[in-house]
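Everything on this sheet refers to the single structure shown next.
The values are calculated or read from the model by the stated rules, or taken from the named source; none is laboratory data. Just so you know, these numbers come straight off a predicted model, no measurement behind them. Cβ placement follows ideal geometry from the backbone for every residue including glycine, while neighbour counts extend to all protein chains displayed.
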Ligand code: HAM
């Protein structure tokens, strides 16, 4: 029979990996809580129009990377609108902000979310079709201090992770609707000179979205990008002042940053600040671990009142790769610390009751009850990493006792059943609440 495999560009997260996921998730949620971010989760499917309108009709994500969801019979696309798996989280959060009346809550509203995103791109290391993001959004704050506090959350995450590599914030300002058109014109004129060198796809891209060209990660265009006009030279006075004060705040917070005058990011909704966190040796940002920026026009684009906002998202898979590479010691969760070994049908019944009692007392218990032989159960206990085994035979049933075996030393002793939980807690050093 033909094997069914996971779809290309997806990953199984195996039990052995969850300690990394738990470590990262706990750290992210703790840091988010310390700056008063509250959790929000939005659906994995949304109307395609949401992403067309926000991420942008000419962005790579919308043009090439959407996963569409088919409608069931009886629900036509005309009636319900085309549906897609979300390629990113900001558009959904802003939709919910408007739809659920969150604008009535005290502003700025600080929200975070954590979950899977889907992009139909060419799978490679660090680039998946299903991946997970942790994202924060601060809605209702236009001051440069909000940009600085957003960068700070990212900076604190990487400080707390204690990874081996060095990481750096790269930052730029791409201006606003007032100053950007002048810059775009300059950029278009500049790129015109190189049109002959471009393949068809790049030509298309340049004519649709010249800013997007600067986001090109292709080595062959590197020198053209490097010599291109810089948005910083075309900022209006307000955008310039916003950026200057932001950099002063970053200095105040001792955040190390590199000005990256060609950083633009691949989503259309940004204005003014854009930034990423990358490893120092990732010059093009091909594997940025975190990216974000200000998006003051997005809420209006979705029919809401003019509301400034700023945020970022971090790629969980990419960060977990770094955690693994850094070989940071991460504690294994205390799973299956106690293993129950039973000998005979009656002992098995008692074993089931004991499993219930032990688990209820907050101790993680494991077993292989279909196995009859003592030796094979003991072997399984050993392989599974149990610290203690409880052995239940005919004599122990009669005596209301159990044998407690220390798997490391091999020593064992008989314990009265009534005293078992107390003894387990003492040996595993689980504190009573
Ligand atoms: P983004 O730069 O498209 O921004 O994605 C943020 C992060 O998600 C990237 O830096 C990367 O770590 C991770 N990522 C993106 N695509 C993939 C992929 N195919 N496989 C693995 N990881 C990936 C956004 O999504 C914006 N919504 C961020 C934002 C929030 N801006 C304002 N608020």
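Residue-wise test of (1) within 16 Å of the ligand (Cβ to nearest atom); (2) within 16 Å of residue 317 (Cβ to Cβ).
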{"residue": "73", "(1), (2)": "no, no"}
{"residue": "91", "(1), (2)": "yes, no"}
{"residue": "97", "(1), (2)": "yes, no"}
{"residue": "120", "(1), (2)": "yes, no"}
{"residue": "124", "(1), (2)": "yes, yes"}
{"residue": "127", "(1), (2)": "yes, yes"}
{"residue": "140", "(1), (2)": "yes, no"}
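Only helices (runs of 4 or more DSSP H) whose full extent lies in the stretch 100-219 are considered here, and the ones with at least 1 residues that are within 30 Å of residue 27 (Cβ to Cβ) are 144-161. Within the stretch 270-298, the set of residues being outside any strand (DSSP E or B), surrounded by 23 or more Cβ atoms within 10 Å (Cβ to Cβ) and more than 8 Å from the ligand (Cβ to nearest atom) comprises just one member, 298.
Restricting 254, 279 to residues that are closer than 23 Å to residue 319 by Cα and over 24 Å from the mean Cα position of the chain (by Cα) narrows the list to 254. Can you confirm whether residue 317 is under 23 Å from the mean Cα position of the chain (by Cα), within 14 Å of the ligand (Cβ to nearest atom) and not in a loop (DSSP other than H, G, I, E, B)? Taking the combined requirement at face value, the residue satisfies it. The numbered conditions (1) over 29 Å from residue 141 (Cα atoms); (2) within 16 Å of the ligand (Cβ to nearest atom); (3) out of contact with any strand residue (DSSP E or B) (no Cβ under 8 Å at 6 or more places or on another chain) are all true for residue 22 except (2).
Quick check on the stretch 339-359. Is at least one of its residues part of a loop (DSSP other than H, G, I, E, B), modelled with pLDDT under 95 and either touching a helix residue (DSSP H, G or I) at 6+ places or on another chain (Cβ under 9 Å) or buried (at least 16 other Cβ atoms within 10 Å of the Cβ) (or both)?
yes
Selection within the stretch 409-433: residues that are part of a loop (DSSP other than H, G, I, E, B) and within 38 Å of the chain's Cα centre (by Cα). The member of this set that is modelled with the lowest pLDDT is 433.
For the stretch 381-388, state whether one or more residues are in contact (Cβ under 8 Å) with a residue 24 or more places away in the chain, closer than 16 Å to residue 349 by Cα, touching a helix residue (DSSP H, G or I) at 6+ places or on another chain (Cβ under 8 Å) and part of a strand (DSSP E or B). The answer is no, given that none of the residues of the stretch 381-388 is in contact (Cβ under 8 Å) with a residue 24 or more places away in the chain, closer than 16 Å to residue 349 by Cα, touching a helix residue (DSSP H, G or I) at 6+ places or on another chain (Cβ under 8 Å) and part of a strand (DSSP E or B).
Need at least 2 residues that are over 28 Å from residue 106 (Cβ atoms) and in contact with a helix residue (DSSP H, G or I) (Cβ under 9 Å, 6 or more places away or on another chain) per element, so show me which helices (runs of 4 or more DSSP H) inside the stretch 1-95 make the cut, counting only ones lying wholly within it. The helices (runs of 4 or more DSSP H) meeting that bar are 18-34, 48-54, 60-64.
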